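Reviewing the structure listed below.
The values are calculated or read from the model by the stated rules, or taken from the named source; none is laboratory data. Just so we're clear, the structure is a prediction, and the values are computed from it rather than from any experiment. As a convention, Cβ positions derive from the backbone with ideal geometry for all residues, glycine included, and neighbour counts pool all protein chains shown. Each accessible area value is taken on the protein alone, full model and side chains, heavy atoms only, with ligands, DNA and RNA left out. Shrake-Rupley method; radii C 1.70, N 1.55, O 1.52, S 1.80 Å.
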Amino acid sequence: AVKMLERRKDVDPKRISVIGHSEGGIVALTAAAKDKRIAAVAVLGAPGVTGADIVLAQQQRLLNRTTLSAEDRQKRVDAQKRIHDAVISGKGLELLAPDVRRAVDNPEYQTLLVADPAKILSEVRQPLLIVQGDLDTQVEPSNADRLEALARSRKNAKPVEVVKVPGVNHLLVPATTGEMDEYPMLKDKHVSRDVTQAIVTWLKKTFSAAP
């Protein structure tokens with residue numbers, strides 16, 4: 001996409017930005033770390049911890065909303081951890097149930113589990129915008145705080161800006177609870193103007209300051 005934009009006559013090649021949502025935030029950061037033609041990068045509802053930790057946090061949140069006993073909830077968490085260990089190490093996959101193995105024994109899921117923003121961000125030198133819905137229950141707001149801390153710890157890093165948007169869920173749309181079971185009932189499924197305005201404002205400010 002960056003190569004395509006760079007070739008367009010109506011695009012300033014010095015003002016190309018990459019923006020990614022959720023797992024796409026990791027993709028955007030990875031691209032920025034590898035391609036210096038990218039002048040700025042923004043992440044929306046992106047993980048601040050490894051994919052494995054995000055999956056476990058999501059599972060724990062869902063389990064806490066069930067009527068299962070604490071012991072049964074822990075058994076399920078332990079089972080998920082064994083799946084992660086097998087996928088990451090490649091050992092013990094044959095012990096997984098066939099349907100589970102089909103779902104997790106692939107490069108995409110393995111890449112998700114091992115993706116670590118701490119390692120990727122250390123190579124990102126571009127200005128960074130972190131947008132986070134404060135009702136996000138899939139990638140909780142603490143992830144934005146961790147991303148900010150990681151970004152600010154870089155040596156000679158460019159500016160970092162964080163925007164937390166009230167009343168917005170992981171889909172970046174207005175919500176009441178932010179829980180996943182609320183998604184089908186949302187009347188307004190458009191991305192919040194507060195989110196898009198935050199991006200527009202940041203891009204204008206970032207690129208107006210660019211040489």
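Summary of values
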{"quantity": "Spin-label zone in region 150-178 - amide nitrogen under 20 Å from a point set 7 Å from the Cα of D188 along the C-beta vector", "calculated": "163-178"}
{"quantity": "Where trypsin sites (Lys or Arg not before Pro) in DSSP loops with at most 12 other Cβ within 10 Å are excluded, longest remaining stretch of the chain", "calculated": "92-154"}
{"quantity": "Distance histogram for region 122-189 (every C-alpha pair counted, 5 angstrom bins, percent rounded to whole numbers)", "calculated": "4, 18, 24, 17, 13, 11, 8, 4, 1, 0"}
{"quantity": "Acute angle (nearest 10 degrees) that the helix 193-208 long axis makes with the longest principal axis of the chain, alpha-carbon atoms", "calculated": "40 degrees"}
{"quantity": "Average Cα contact separation per residue, the chain, under 8 Å, 6 or more apart, as relative contact order %", "calculated": "20 percent"}
{"quantity": "Debye intensity ratio in log₁₀ form over the Cα atoms of the chain, taken at each q of 0.16 Å⁻¹", "calculated": "-1.13"}
{"quantity": "Contact order relative to length of region 26-139, as percent, for alpha carbon pairs under 8 angstrom and 6 or more apart", "calculated": "51 percent"}
{"quantity": "Exceeding the 26 Å Cα-Cα cut-off - candidates K14/K155; K164/K189; K81/K164; K164/K187", "calculated": "K81/K164"}
{"quantity": "Directionally averaged shadow of region 167-211, computed from the convex hull of its alpha-carbon atoms, nm²", "calculated": "3.4 nm²"}
{"quantity": "Per residue solvent-accessible surface (Å²) - region 1-133, probe of 1.4 Å", "calculated": "56 Å²"}
{"quantity": "When the convex hull of its Cα atoms is projected in every direction, mean area for region 89-211 (nm²)", "calculated": "10.5 nm²"}
{"quantity": "Projected label distance in nm at R146 and V100, using a 7 Å step from Cα toward the beta-carbon", "calculated": "2.4 nm"}
{"quantity": "Three-way shape call for region 34-111 based on the alpha-carbon gyration tensor, with the a/c threshold at 1.5", "calculated": "oblate"}
{"quantity": "Cα-projected label distance for D12 with R82, points at 7 Å along beta-carbon direction, nm", "calculated": "5.7 nm"}
{"quantity": "Cα convex hull of region 30-78 - mean projected area over all directions, nm²", "calculated": "4.5 nm²"}
{"quantity": "Nearest-ten-degree value, helix 23-34 long axis tilted from longest Cα axis of the chain", "calculated": "50 degrees"}
{"quantity": "Extent along principal axes [Cα atoms of region 69-143; Å; largest to smallest]", "calculated": "45, 31, 17"}
{"quantity": "Over region 1-62, volume per residue of the alpha carbon convex hull, in Å³", "calculated": "83 Å³"}
{"quantity": "With every protein chain in place, the chain: carbon and sulfur % of accessible area (1.4 Å)", "calculated": "55 percent"}
{"quantity": "Computed label-point distance, nm, for sites D116 and D53 using a 7 Å Cα→Cβ extension", "calculated": "1.0 nm"}
{"quantity": "The chain: calculated mean residue ellipticity at 222 nm from DSSP helix runs of at least 4, using -39500 (n - 2.57)", "calculated": "-14000 deg cm²/dmol"}
{"quantity": "Region 85-210 - percent relative contact order, Cα under 8 Å, separation 6 or more", "calculated": "21 percent"}
{"quantity": "Using alpha-carbon coordinates, inclination of helix 70-89 to the longest axis of the chain, degrees", "calculated": "60 degrees"}
